[in-house]
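We did not get these values from a lab; they are worked out from the coordinates using the rules stated. Just so you know, these numbers come straight off a predicted model, no measurement behind them. Neighbour counts run over all protein chains shown; Cβ positions are idealised from the backbone, glycine included.
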Amino acid sequence: MKKSLHVLLIFLLTLFAGYPAASATAAEKTRLRFSSGPPGGTFETTARALTLRINEQRPGVEVSLAISGGSVENLRRVNSGEADFAIVYAGDLLLAGIGLLPYDNRIYDQVLAVATLYAAPAQLVVRANSNITRVEDLAGRRVAVGGIGSGAAATAQRFFTGIGLWDRIKPDFSGYQDAISALGHGYVDAIWVFSGVPTAAVTQAAKSFPVRLLNLSEAAEQSGFFRQYPFFTPTVIPAHTYPHVDYEVATFQDLAVWVAGDQISAATVEQALAAASRDEALVDGREGIITPLHPGAATFWENHPAP
């Protein structure tokens, strides 16, 4: 993924003059719901920016934002028709389509990809003064893995199961903000974060007390994790991404994907993409997508290929 999360959000939140559109009465508006993520998180921030962009550029469409638990809850909402748009992780989208979500064998086949948004690396954060220096040191420890229904929690379970640790850790299903406080007070030993970098929660933790980010790539490689889940790819978090973390961190990543329900017309999805991609905010929006595109997205990207 060549563009950063910061660049995407700057483009989406930029005021855009000079694109007048015909007015639409309230009766003419198509009303849609965008399921986002926990308040203040990257999903919520990105979905809010997309919603504002679409509403500004397409007066005939009114998109409202809905807070959610995250990727897995978003999949369920879109599949049921409770939401029209959402952000999910590519891995969750693939596994949901074949009935392999954790503790859920239902097939979610009404959720279609619209665009890739940004890369989301896995981050495992501990206090710098702890004796935890490797993932294996977490055996018997309490790990905050993310809220129930979040993509973070689902990915944590896949990772720790894949390396043989899920049954040996004590998962705590806390959201990021509660997890930071818990780590600071010693109530948990590590925080699992799955989000675009820099993640606000990790930055906040690093400013509050010294932290260490663990290498996840080594355990993933040795356990065959990447062979089991080929949609995860190795990546490196650069040094100085967070305060006082002056070293690179080898880890893995998934992609955050904008999705739409198959009940939405191709024209509506195409128009939403046209609004969101002003100023090249989504210049390579098909990159990394491994599941079916919504027909409206397919048409848009055929007519607007990446340069």
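Determine the relative contact order of region 120-254: mean sequence separation of Cα pairs under 8 Å and six or more apart, normalised by residue count, in whole percent. 34 percent. Angle of helix 71-80 to the longest C-alpha principal axis of the chain, folded into 0 to 90 degrees and rounded to 10: 40°.
Give me the number: length gained by fully extending T161 to R278, i.e. 0.36 nm times residue separation minus the C-alpha to C-alpha distance, one decimal in nm.
Values: separation 117, 0.36 × 117 = 42.12 nm, distance 4.15 nm.
Residue separation times 0.36 nm, minus the Cα-Cα distance, leaves 38.0 nm.
Checking every one of the chymotrypsin sites (Phe, Trp or Tyr not before Pro) in region 70-115 against DSSP loop status and a limit of 10 other Cβ atoms within 10 Å picks out Y103.
Annotation for region 121-155: trypsin sites (Lys or Arg not before Pro) lying in DSSP loop with at most 15 further Cβ atoms inside 10 Å of their Cβ are R134. Just to compare against my own numbers: the Cα pair-distance distribution for region 120-254, 5 Å bins, whole % per bin, please. Per 5 Å bin, starting at zero, the Cα-Cα P(r) for region 120-254 comes out as 2, 11, 23, 26, 23, 12, 3, 0 percent. To the nearest ten degrees, helix 42-57 and the longest principal axis of the Cα atoms of the chain are 10 degrees apart. If R0 is taken as 25 Å, the Cβ-Cβ distance between L52 and S80 corresponds to a FRET efficiency of 0.50. Spin-label model, H185 to K29: label points 7 Å out along the Cα-to-beta-carbon direction sit 4.2 nm apart.
Per residue, the average separation of C-alpha pairs within less than 8 Å and at least 6 apart gives region 19-111 a relative contact order of 28 percent. In plain terms, the bigger the Kirkwood radius, the slower the diffusion; for the chain, with that radius from Cα pairs, at 20 °C and 1.002 mPa s, Stokes-Einstein puts D at 108 µm²/s. What FRET efficiency do you get for S208 and A266 if R0 is 41 Å and r is their Cβ-Cβ distance, rounded to the nearest 0.05? Working from the Cβ atoms, E equals 0.30.
Fewest-first ordering of S71, S181, S174 by other beta carbons within 10 Å of each residue's beta carbon gives S181, S174, S71.
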